[in-house]
Every structure is written in C-alpha cells, then in structure tokens.
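The values are calculated or read from the model by the stated rules, or taken from the named source; none is laboratory data. Just so it is clear, the model here is predicted, and its values are computed rather than measured. Note that each Cβ is placed from the backbone with ideal geometry, even for glycine, and that neighbours are counted across all protein chains shown. For accessibility, only protein heavy atoms count, side chains too; no ligands or nucleic acids. Shrake-Rupley method; radii C 1.70, N 1.55, O 1.52, S 1.80 Å.
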Amino acid sequence: MSTTAQQHSPGTGLGKRRLGVPALVFMIIAASAPLTVVAGGVTSNYAVTGLPGIPLSFLVLGAVLLVFTVGYSAMSQHVHNAGAFYAYIARGLSKPLGVGAAWVALVAYNAMQIGIYGMFGFALSSFITGLTGAEPAWWACALGAWVVVAALGVNKVDLSAKVLGALVALEFLVVIVYDLISVAAAPEGITVASLAPSGLFTAGVGAALAFSIAAFMGFESGAIYGEEVKDPRTTARRATFIAIVIIGCFYAFSSWAMSVGEGDSQVIARSTELGPDLVFAFLTEHVPVWAVDLSSLLFVTSLLAALVAFHNVVARYFFALGREGVLPSALATTSRRTQAPVVGSLTQSAIAVVVLAVFAVTGSGSEAGPLFPVVTLFTWLTNMGAFGLVLLMALTSFAVVGYLRRHPGHYGVWTRLIAPTTAGVALTALFAMIVANFDVLIGLQEASVLGWLLPAIVLAPGVLGTLWAAVLRRRRPEVYAGIGYGGDAAEPAAAPAPV
C-alpha cells in the first residue's frame, strides 16, 4: 500500500477531543468575520435600509438565537454529527427532509464560502495597489487565499483553530480601537437614539434584519465540530451560547459606536457615500498611517479567517453524508495523520476553484470594473448562503421539538417545546423577510431574473435531496435506516445501528 493510501483511508474518523470551549468559540466567531461585518455589513445595512436602528437589530437577532440555542444545545447533547442541521432535521422531523436539508446546506455553505473569495480578491488587490502601485487581478489574489485554505483544510483542525484564534483576536483589537475612538469623537454627543425601537421597527425592518443575520451565520459550527470537541455533551453547548452573546453584543456596540462617531444625523449619508471605506476613512483622521494600513491588512485576514471557517464546515458536511452513504462513500475519507476529512476538503476546494474560474472569465471587461467580484460573486453568493441557512435554522427549531418530545423526562416544557417553537416561528418570519427583500439584498434596482433564480438554486437541491432519500428507502434500505446516525455509532442503545 502506498504512503498516501496509508495516510488517507475511509473510516479513520475525525480527530477526537481536540477542541475545547475557547477554540470552538473562535471557530464560530471567525465565520462571522468581525472586522468584515463592521466595515462592510454594518455600513451596507445603514446605506441600503436608511434605518438608524441597526444596533438594535443585532440585539433582537441575538435574543432570537439565544432562544433557539436553548433547544438546539439540548439536542446537541444527544446527537453528535458533523452534519449538524442535517442530522437534527433527519432525527427530529423525517429522514427525507433531513437529506433535503443537507443538500441545501451544502449549496448554502459553499455559496457563502466561495462568495467571500470575491471580497477577499478585491480587498487584497486594493491593499497591494495602495501599498506598491501594482494592480494584481482580483482572481489572482483570491487564488492565493484558495491555496492557503486548501492547505489548512487537510491539516489538523486544531491548527485551523490556532490560526483563526490569532486572526480573530487581532480583528477584535482593531474594531475595539475604532469603537473607542468613535465614542470619544462623538461630534453630536453620545446618545442612544440608534437603540430606540422606532428606529428599527418601521418600513425596511425586514431588510435590516436580513442584513444583520449574516453576522451570525457561523454559529452552527458549535454542533458541526461535535465529534471533535473535548466533551460532546457540554463543549458545543457552552461555546454556542458564549459565541452568540459575544457576537450580538459586540456588533450592537460597534454599530452604535459608528453612529456616535459619525453623528446620528450623518451615519446613513456617510455609509452611503463611503461604504466599507467608512471605517478606514475615519481611522485615517485619528490614527497614524501605519495603523490604518495594518487595519486594512487585518480586513483582508478577516476574510481569510471566514474562508477557512466555512471551508471546514463544508468539508465536514461532505464527510457526514459520505459516511452514511447518502453521497459517495469516498467523501468519508479522512487522514490517518491529521484526522481531517481530506476528500471532503479537496472536493470543496475543487468546487471553489471552478466557480472562481467562471467569474474570472465572465468578469473580464465588465462595466463594474474592479468592483465586479464584490457586486456579483460576493453579493450574490453570500446572500444565497444566508437565504438557505436561515431556512435550515427554522426547520431545525421544529426538529428540536420533534426530537425532544421523545425525552420528556430529561427536559422541562420550556426547553423541549416553548423555546424551540418560539424560535422556529421567529426564524420562519425572518426567512419570509429575506424572500421579500432578496432583490434589495443583492443590490438590484429593479426586478430581475436573479431575484428568483438565485434562491431557486439554493432550494432546488433540497427537493432533489428529498427525492433521493425516497430512492434510498426503496433501493438501499440499510443506508436509509442509518440516515442521521453516523456520528452516534457508539451509542446503539439510543439509535438504530448505523451503516
């Protein structure tokens, strides 16, 4: 047997007991890319919606997700599967819905990850141009990130955790410095006008919440790494609660600080004028040039951290589906040396490079110029990802109700019924808001085929996955019986025997 064959073989399994609570919190937060959210997401939200209540939107969504996490984390103590939403929906609602959800998750997470390459390529190209005068193509910069992400993806997960931990810590430092300077500047005084409900709950609230939910899109990682944490029953639960509290409070404070720093009456106009450059233009007026350059570089590494985080999520989804036979079993191949889902990782890398190539070719000579990867690849794909993931979160809420009703002695009525049902209703309403505002989210000025085509690309695989589950039930009943149980092979008393 060759060395490669010895190092990579199916069934080796993911790395066990590698991640503790702090490492997992960093993995979750890295996917939200703090500096990217503040510089890009918050300014876009102010500009597009014209609402002053953006800080409150993060608190509202944080509260909804904390309620969601009550039942979600309870279920995570019983279900340990790298395909988290997939396994939860399969075991709480039905196996066909679970497979459909898994295929939606694959499209949504791939879209989210690949879309970020567009912003990364633009940001790194602009940074190099400002520093040296050279003008590298955006796709060449994105390809450099692709190499780094691919290398980390096949390595030990704790290496990714260490890299992401360092990058996230630096991102937080930059944003905290920006926040403190903004509050100190306060040209119109320190007020809490942006936290008033009237500034959010008005026309446009749907678009505001749809923009802000993207900041929380990585929190499924808490359950996705459930097979690799030190204590499957407590680590994911604690890390998820901690990450949601940090994300919600941090972004609420930072967007409030932005409003104070620019002035409540000026923040929307300034966001419309400068977009993501607002943060760096503000820093230019208050800190040395080297500090601004460092902040711009950390904006780039913020995107790199998100790329790594979402890549790992996709790789583990491929692994989970391959292990259970829902997709080709080769996807369950892991490295004996690193325990990484190597084939799942390489598959995600292959998909990403193909999509990058398509956009690189179609973008040459585009009227959008250097902004082409931002207004197309980044905007289209990341909003497709958010669209699919909010749908999965809503389904997972109801799946929790279905699963925990079989454990009435373990949990009270709040945990197994009230909290997940409340979260499910709220997330379903949020999904409806995203559907209603999708044209706005992808920057369309008037109705276009993209307004329904992009969501259809996310939903169609869900229908096909559900039909595929019906085929498996008829032709491969042994595979169908094990759907959703791959991560719990060691708990035969609690689940049917896995494949």
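Points to keep in mind about this one:
- Counting only helices (runs of 4 or more DSSP H) that fall entirely inside segment 263-339 and contain at least 1 residues that are of a type in the set (A, V, I, L, M, F, W, C) and at pLDDT below 90, the qualifying elements are 267-274, 289-323.
- If the condition is being open to solvent by less than 40 Å² (accessible area, probe 1.4 Å), touching a Leu at 6+ places or on another chain (Cβ under 9 Å) and within 16 Å of residue 101 (Cα to Cα), then segment 466-485 contributes 469, 480, 483.
- The residues listed here are 210, 236; of these, the one that is crowded, with 22+ Cβ neighbours inside 10 Å, in contact with a strand residue (DSSP E or B) (Cβ under 7 Å, 6 or more places away or on another chain) and assigned to a helix (DSSP H, G or I) is 236.
- Those residues of segment 413-430 which are surrounded by fewer than 16 Cβ atoms within 10 Å (Cβ to Cβ) and among the small types (Gly, Ala, Ser), in sequence order: 429
- Contacts under 7 angstrom Cβ, first residue in segment 47-64 being closer than 16 Å to residue 37 by Cα and in contact (Cβ under 8 Å) with a residue 12 or more places away in the chain, partner open to solvent by 40 Å² or more (accessible area, probe 1.4 Å) and among the polar types (S, T, N, Q), 6 or more apart: 47/272
- Filter result (closer than 16 Å to residue 308 by Cα and touching a residue at least 24 places away in the same chain (Cβ under 8 Å)) within segment 344-355: 344, 345, 346, 347, 348, 349, 351, 352, 353
- Note on segment 319-331: residues that are open to solvent by less than 10 Å² (accessible area, probe 1.4 Å) and closer than 16 Å to residue 472 by Cβ total 5.
- Exactly one residue among 379, 415, 428 is among the β-branched types (Val, Ile, Thr) and either more than 30 Å from residue 119 (Cα to Cα) or in contact with a strand residue (DSSP E or B) (Cβ under 6 Å, 6 or more places away or on another chain) (or both), and that residue is 415.
- Looking only at segment 435-457, residues that are touching a residue at least 24 places away in the same chain (Cβ under 8 Å) and more than 20 Å from residue 374 (Cα to Cα) come to 2 in all.
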